[in-house]
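Input: a single structure, listed below in structure tokens.
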Amino acid sequence: MSAAALIVAIAAVMRLQWRNAISAIARDARLQPSPNAGYPEAALAGALGVQLGGLNYYFGEPVQKPFLGDAIHPLHWHSFMRVRCLLYGVSASSYLLVGIWLQLL
């Protein structure tokens, strides 16, 4: 859940669709069978305004996953560029928060 909160915060700083990210978390996060993946995946889908999930392949076997987020925008290479910048911001924020926490110990 903390990763999803950071994604929403950085999405707001980047002027992405942070409100949509909150809605996607509330509506879709628990649909993902993996307890650790649903919240950040739903947050990313909402922040970018794309829909993630559907048919995936694991070790050559097709697996149908639930859809997360709303398909406001089609997936495009630009979506991958934005998610990369968003995740760089989340990573930098994580390092900063851990550094502050360690200084307070």
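A short reminder: the numbers here are calculations on the coordinates, not readings from a lab. Treat the numbers as computed from the prediction; the structure is a model and nothing was measured. We place every Cβ from the backbone using ideal geometry, glycine too, and count neighbours over all the protein chains shown.
Ranked for footprinting exposure by Cβ neighbours inside 10 Å, fewest first, ARG30, ARG15, ARG82 give ARG15, ARG30, ARG82. In this structure, the amide hydrogen of LYS65, modeled 1.01 Å from its nitrogen in the peptide plane, lies closer than 5 angstrom to those of GLY54, LEU55, ASN56, counting only residues at least 5 positions away or on a different chain. Using only Cα atoms, tell me the angle between helix 77-104 and the longest principal axis of the chain; keep it within 0 to 90° and round to the nearest 10. Taking Cα atoms only, the helix is inclined about 30 degrees. Taken over the range 2-104, the alpha-carbon convex hull comes to 117 cubic angstrom per residue.
Summing charges over all other residues whose Cβ lies under 10 Å from the Cβ of ALA11, with Lys and Arg as +1 and Asp and Glu as -1, gives +3. Label sites at ARG27 and GLN103, each approximated as a point 7 angstrom past Cα along Cα to Cβ, lie 4.0 nm apart. Counting neighbouring beta carbons within 10 Å and listing from fewest to most, the residues TYR57, TYR88, TYR39 come out as TYR57, TYR88, TYR39.
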